[in-house]
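Okay, structure first, notes after.
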Amino acid sequence: MPQEPAFERRAPAPGGGNGAGTAPAGVGAGGRLGRDHAGTGPWAAEPGTWQQGIDALRSRTAASVPDLVRHRRVPPAPRLATTAAHLGLAVAGWWLGERRRGRVASRAGAARRVRRAFERLGPTYIKLGQILSAGEGLFPAELVAEFHQCRDRVPAEPFAVVRRTVEAELGGALAVTFRSFDPVPLAAASIAQVHAAELRDGTPVVVKVQRPGIDRLVRRDVAVMSWLAELLTGRIPVAALANPSALVEVFAETIAEELDFRLEAQNMLDVAAVLRGLGQRALVVPRPHPELVTRRVLVMERLSGYAWGDTVTMRAAGVDTAEALRSALRSLLEGAMLAGVFHGDLHGGNLLVAPDGRVVLLDFGITGRLGPVQRLALLRLVVAATGNDVPGQVGAMRDLGALPAEVDVPSVIADLGLDRPPIDPAAMDIEELTAEVRALASALLAYGARLPKALMLFVKDLLFLDGALAVMAPELDILGEIAALVAWFHERHGAAIARELGLAHGAPPAVDLSAVRASLGLADDAPGFTVRELQERRAMMRRRLARHRAATVGR
């Protein structure tokens, strides 16, 4: 008769996912899919019983999304009333409080009140806040910074609730499966929380447990969000460009898959298969257990490492942080452009760095998937960008769905001024810069420009890695890195890329960085430009904008 699992109280690790922020330990080679490459992994990532009918399950889940976001003349009234009450109180508090305290205090106050309203509204809105928090550059900076707090401030479910869920899903008492199970979660997120445990044979694992009743709550909340998004579209210009309805659709697709952990486990295997197929050994994916995966419980390999961004500790241990960042970027580009599958939610809580420098990917609830046409368009977009081929970039954006299919590429180039020499924003006064941005936004809106779902996830990941540069590799030469990245891709995948795009494969392609240099105010023969210099330039632009806003308010 198995003994009752031991319950040892330990302080929860900071961060989330598979125990982000824990001390360095042995990291299994989770990106490898068989015993021949298993390294120190506890089991081979072989097909499990939970995979039966997984493709049909994914299709059914995708087919349920249109109903979640369908047009409703009247949304779920009780939940709409609750949502309106919390958001209305947030707006009223801001109106009476921070609105007149200056631009900076006003924006920060609004973001803080919206974040608190989201937390009171519960898991669905907290999850949306977490997605927004990873959108540096896509969403207002104050909102992004404020929603970072949603990552580790979600109250955990009582352990009695966790126990009931695990026992119901796995079909037996906790002691049947686990030798120990820590009642204190490693992290508590909006949809689920994760606990450290040991299997009966002593294998350390992480157990992800879904919150009770989350499915019904999510469906009501998404219906309200979809109704509100339709209300915004066409009424606020910036909302039309950001495409709130598409954002809600992305959110609905994501959260619909996240409500079934069998799909997340399959995402882990799919990304691991992509890494293996591309020969990418610098990244690690945890293995889901072959048997212990259900709709609401996911048992996976326990991995650990240095918290992403903990540069001081990593460098003291001899980890090349710049190379870890390069690995993450290469993996994102390879997965998206060459396989059409990539981790769609890169942020500090979903990444660790192993003592040997490999990057550990965690939390596969959001996985970007590109169809054949979209994948080829993204590949063309990146190749055209390296050669400063403007028509090629605009055509690729059209094929990605960012511009209507019938759009005339030369007209877009002329109307957006893309045929003019690049302008250094720092050389313009604020009025000129503001007018330029407004004119560009107006022209894009006139063409019906939108940010398609897959591209949104891809850009969000790129922006996160761009932000990580300042912490993990401030002395990196940006121009040199771009050239080196192109050469690396040519060496590893040049023949395959040339074949797909119908190009001749020969010497490495010429990299035209003239537009990049011009946008940075550099001469054509400038030897380089470091990340630190770029951050100083951005800080200068922010100060100029802040002074302009303050002067405008004071008029």
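Quick note: the coordinates plus some simple rules give every number you see, no bench work behind them. Please read these numbers as outputs of a predicted model, since none were measured by experiment. Glycine gets a Cβ as well: all are built from the backbone with ideal geometry, and neighbour counts include every protein chain shown.
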If Asp461, Asp525, Asp512, Asp415 are placed from fewest to most neighbouring beta carbons inside 10 Å, the sequence is Asp525, Asp512, Asp415, Asp461
List the residues, sorted by chain then number, that are 5 or more residues from Gly521 or on another chain and whose placed amide H is less than 5 Å from its amide H. none
Tally Lys and Arg at +1 and Asp and Glu at -1 over the other residues with C-beta under 12 Å from the C-beta of Leu534: what net charge comes out? -3
From fewest to most C-beta neighbours within 10 Å, the residues Glu432, Glu98, Glu491 line up as Glu491, Glu432, Glu98
Distant-in-sequence amide H partners of Ile366 (H built 1.01 Å from N, under 5 Å): Gly344
The size of the Cβ-based charge dipole (Lys, Arg +1; Asp, Glu -1) of segment 372-554 about the Cα centre, to the nearest 20 debye, is 700 debye
Residue farthest toward the positive end of the dipole of segment 372-554, with Cβ of Lys/Arg at +1 and Asp/Glu at -1: which of Pro474, His505, Val390? Pro474
Considering the options Leu416, Ser304, Met456, tell which one lies farthest towards the positive end of the dipole of segment 300-458, charges being +1 on Lys and Arg and -1 on Asp and Glu at the Cβ, about the Cα centre. Ser304
Could you tell me the distance between the Cα centroids of segment 264-278 and segment 348-419, to the nearest Å? 21 Å
Total formal charge among the other residues, if their Cβ is under 11 angstrom from that of Thr83, Lys/Arg +1 and Asp/Glu -1: +2
Residues with amide H under 5 Å of Thr530's amide H, sequence separation 5 or more or different chain, H placed in the peptide plane at 1.01 Å from N; which? Ile478
Would you kindly derive the ³J(HN,Hα) couplings of segment 263-272 from the backbone phi angles with the Karplus curve 6.51 cos²θ - 1.76 cosθ + 1.60 (θ = phi - 60°), listing them in order in whole Hz, with x for Gly and Pro? 5, 5, 4, 5, 4, 4, 5, 5, 5, 4
For segment 394-500, size of Cβ-based charge dipole, Lys and Arg +1, Asp and Glu -1, in debye: 540 debye
What distance in nm lies between label points placed 7 Å from Cα along the C-beta direction at Leu217 and Leu418? 4.4 nm
Nearest 20 debye, what's the magnitude of the dipole of segment 357-401 about its Cα centre given +1 on Lys and Arg Cβ and -1 on Asp and Glu Cβ? 100 debye
Quick one: Cα centre-to-centre distance for segment 41-113 and segment 160-188, in angstrom? 28 Å
What ³J(HN,Hα) values, in whole Hz, does the Karplus curve 6.51 cos²θ - 1.76 cosθ + 1.60 give for segment 301-310 when θ = phi - 60°, with x put for Gly and Pro? 4, 8, 10, 8, x, 7, 4, 4, x, 7
How much net charge surrounds Ala402 when only other residues with a Cβ under 12 Å from its Cβ are counted (Lys, Arg +1; Asp, Glu -1)? +2
